[in-house]
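Student: Quick one: the structure is below, questions incoming.
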Amino acid sequence: MSCLICAGPAERIPCAGSWEECKCSQCGHYRIADALVLSLMEQGQIFDIPKVRAWLALAHSGQGIPSIEQVEGLLRT
Ligand SMILES: [Zn+2]
C-alpha cells in the first residue's frame, strides 16, 4: 500500500478497531483513525508532510504507536 501521509511505499499492519496502521520508511510507524482517512479523502485534503513527520517524531518519544485522531495543524493549507 502507499503511505497515507506521503504516498510513498509503506507496509500495512493489520490492526484491531477502526484504524489504519502503517509503517512507512520515511514517516515511521503510525495509526490514523479510519473515519479521518475517509473524511480527508472526501474533502480532498492532504497532509502537510513535514508537519506530520515532526508531529510523529514527537509522538514517538511517548508510549506506543502514535495515533492521529485529529488533523488540526497537520494539513496543507
Ligand atoms: Zn510516509
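Student: Tell me the relative contact order for region 10-68 as a rounded percent, counting alpha carbon contacts under 8 Å between residues six or more apart.
Tutor: Working: 62 pairs, mean separation 17.1, N = 59.
For region 10-68, the relative contact order is 29 percent.
Student: Restricting to the chain, what percent of DSSP beta bridges are antiparallel, rounded to 5?
Tutor: Of those bridges, close to 85 percent are antiparallel.
Where a number appears in this text, it was derived from the coordinates with a stated rule and is not lab data. Quick caveat: nothing in here was measured; it's all calculated off a predicted structure.
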